[in-house]
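Following: one structure in structure tokens, then a few remarks.
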Amino acid sequence: MGEIILIRHGQANSAARDEESYDRLSALGHRQAAWLGEHLRGAGERYDRVLMGALRRHRETAQGLGDLGLAPETDARLNEMDYFNLGKALRDHRGVPMPEREEDFAGYLSHLLASWHNAEIMGQETFSDFELRVTDILHEAAEPGRRVLCVTSGGVIGMIVRTLMNLDTEGLARIMLPILNSSVHRLLVTDHGTILAGFNAIPHLERPDRAHARTHY
């Protein structure tokens with residue numbers, strides 16, 4: 001069997017209201033990446049290929065992981081969905097503003113994804129284009145007998161799980177919401193296809209003194 005290990009980037013600039021401002025790790029995000037790298041090396045993890053998205057937060061997370069035995073390859077198919085432009089489109093065309101409170105985000109994300117899927121709004125790409133590029137990199141990484149690590153974002157991880165589990169957009173929203181910064185998700189590549197084997201693991205943050213580092217945004 002092969003394995004694909006998906007890692008969400010560390011905490012970015014969660015106070016940002018646009019992509020450019022968001023796309024950098026916070027001080028905590030750098031620590032999350034370093035702790036995860038220490039854990040992976042301590043567990044004796046070895047990879048045949050290491051990929052990362054083309055965004056700054058992906059690069060900084062991959063650098064923070066430290067020596068993984070291979071230099072990461074940049075692949076823009078692992079980039080996040082165009083969340084901020086989608087949010088502007090939802091506001092301008094549907095009158096729905098970005099939520100100010102964390103507790104309002106669940107309903108908002110569900111509305112945004114459904115509107116995007118139904119082609120009522122669009123950012124830099126359509127929902128189907130996003131789905132296509134994510135499934136494309138998933139199929140490429142699913143190499144029998146090889147282990148591929150990918151540093152990416154929560155929306156990409158959610159779309160991969162949606163593909164494997166045949167979820168609708170409501171299911172996609174629900175699977176995206178709990179994804180933690182620097183979390184680990186594992187897929188097994190078998191003769192019968194790729195299956196989800198682990199979701200949202202944070203072994204590097206399970207110590208009580210790191211409870212503050214278990215962040216979503």
Residues satisfying the stated conditions in region 190-217, i.e. in a loop (DSSP other than H, G, I, E, B) and not aliphatic (A, V, I, L, M): Asp191, His192, Glu206, Arg207, Arg214, Thr215, His216, Tyr217
Residue count, region 124-143 (criterion: modelled with pLDDT under 95 and farther than 16 Å from Gly193 by Cα): 1
Test: residue in region 118-129 that is open to solvent by 80 Å² or more (accessible area, probe 1.4 Å) and at positive phi: yes
Only listed residue being at pLDDT below 95 and not hydroxyl-bearing (Ser, Thr, Tyr), chosen from Gly193, Gly154, Gly198, Gly158: Gly193
Members of region 137-160 found to be touching an Asp or Glu at 6+ places or on another chain (Cβ under 7 Å) and not in a strand (DSSP E or B), listed by number: Ile137, Arg146, Ser153, Gly155, Val156, Met159
Single residue of Arg8, Arg41, Arg24 found to be free of Cβ contacts under 8 Å to residues at least 60 places away in the same chain and closer than 21 Å to His216 by Cβ: Arg24
Hey, Gly107 modelled with pLDDT under 95, open to solvent by less than 60 Å² (accessible area, probe 1.4 Å) and not in a helix (DSSP H, G or I) or not: no
Which numbered condition Tyr217 misses (of (1) open to solvent by 70 Å² or more (accessible area, probe 1.4 Å); (2) over 20 Å from Leu28 (Cβ atoms); (3) at pLDDT below 95): (2)
Restricting region 190-211 to residues that are touching a residue at least 24 places away in the same chain (Cβ under 8 Å) and either over 18 Å from Ile4 (Cβ atoms) or basic (Lys, Arg) (or both), the residue that is most open to solvent (accessible area, probe 1.4 Å): Arg210
Top-ranked residue of region 4-56 - restricted to ones that are over 19 Å from Ala213 (Cα atoms) and among the basic types (Lys, Arg), ranked as modelled with the lowest pLDDT: Arg17
Residue among Arg101, Arg162, Arg94, Arg133 that alone is out of contact with any Pro (no Cβ under 6 Å at 6 or more places or on another chain), surrounded by 19 or more Cβ atoms within 10 Å (Cβ to Cβ), over 25 Å from His204 (Cβ atoms) and basic (Lys, Arg): Arg162
Helices (runs of 4 or more DSSP H) (entirely within region 1-87) containing at least 3 residues that are touching a Gly at 6+ places or on another chain (Cβ under 6 Å) and under 17 Å from His185 (Cα atoms): 27-42
Residue, surrounded by the fewest Cβ atoms within 10 Å (Cβ to Cβ), within region 165-177, restricted to residues that are out of contact with any strand residue (DSSP E or B) (no Cβ under 9 Å at 6 or more places or on another chain) and of a type in the set (A, V, I, L, M, F, W, C): Leu177
Considering residues of region 180-189 that are in a strand (DSSP E or B) and touching a Leu at 6+ places or on another chain (Cβ under 9 Å) only, the residue surrounded by the most Cβ atoms within 10 Å (Cβ to Cβ): Leu187
Contacts under 6 angstrom Cβ, first residue in region 83-100 being under 22 Å from Val156 (Cβ atoms), partner surrounded by fewer than 15 Cβ atoms within 10 Å (Cβ to Cβ), 6 or more apart: Phe84/Asp18
Members of region 42-51 found to be over 20 Å from His204 (Cα atoms) and surrounded by 15 or more Cβ atoms within 10 Å (Cβ to Cβ), listed by number: Arg49, Leu51
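The values are calculated or read from the model by the stated rules, or taken from the named source; none is laboratory data. Everything numeric here is computed off the predicted structure, so don't read it as measured data. Note that each Cβ is placed from the backbone with ideal geometry, even for glycine, and that neighbours are counted across all protein chains shown. Just so you know, the surface numbers come from the protein's heavy atoms only, side chains and all, with ligands and any DNA or RNA stripped out. Shrake-Rupley method; radii C 1.70, N 1.55, O 1.52, S 1.80 Å.
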